[in-house]
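Below: one structure, written as C-alpha cells.
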Amino acid sequence: MGELGDTKLNQNQRKHNIQLLTIIGEIEGHESAASNTKATKYEHLLPRLAQAEDDDEVDGVLILLNTMGGDVEAGLAIAEMIASLSKPTVSLVLGGSHSIGGPMAVAADYSYIVPTGTMIVHPVRSNGMFIGTIQSYRNMEKTQDRITGFISRHSNISQKRLEELMLNSSQLVKDVGTMLEGEDAVKEGMIDSVGGISDAMNKLHEMIDRKNGK
C-alpha cells in the first residue's frame, strides 16, 4: 500500500482488479491538519480517483471510511468524484463516517456499514470568527443544502428527514444532530446494508460481473 492509502488488490479467481482507497481521520482542505493528526488529503485522493477511472485494468473501486469529517469543500469534491466514476464502486464505513464523511459514504454505487459503525449528521458549522450577517447565514444555509441535497440524491433518505436529524437537540451533548449506528443508518436510508469486508467485496464483484454482462 502506498503512502496515500491506496492499493490495487491482486487478481482473484474472479479475474477482477479492485482499486482500494481509504478515507481516514480528518478530511484536509486547503489548510493542513495538525502534524499529529491522521488526515486524508483531497489533493492526493482526487488524482487517484481520476487514475482509477482512466485505468483499463481497474474493474471496480472499494472505499473504506473511518473519518471524523473535516473540510466541507474538500469532502464534497471527493464525494462528487466518487459519484461520477463509471467503474462500479462500493463503500464500507468502519468505525465512523461523520459529518462531511456522510456524502463520501453514500457517493458509492452501494454502501455498507459495520454493525458498530456510526454516522453523525449535524448542521454546517463555522470555524473561528463568525460575522453574524444575514449573508453569512444564507451562505451557510446554501452549503448545508448542498450537503443534504447530495446525500438525498445518492441514498434513500429524504432531504427533509435528513434536516430533521441534523436539528435534533435531544441526543448529542452540547450539540444538535444525530448519531446513527449501523442498523439505524440503514433503517433511515442513508446506508444500503449492514455488513463487513466480505459483503462489500462480494457485492463489488457481483456489480462488475453485471456490468460485464456475466
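Measuring between alpha carbons in the structure, the pairs from LYS142/LYS211; LYS41/LYS160; LYS87/LYS203; LYS41/LYS87 lying more than 25 angstrom apart are LYS142/LYS211; LYS41/LYS160. By its C-alpha gyration tensor, with a ≥ b ≥ c as the square roots of the eigenvalues, how is segment 145-202 shaped: rounded for a/c under 1.5, else prolate for a/b larger than b/c, else oblate? Oblate, because a/c is 1.5 or more while a/b does not exceed b/c.
Were the residues from GLU183 through HIS44 laid out at 0.36 nm apart, the gain over their Cα-Cα distance would be 46.8 nm.
FYI, it's all coordinate maths here, none of it is from the lab. Computed from a predicted model, the values in this text were never measured in an experiment.
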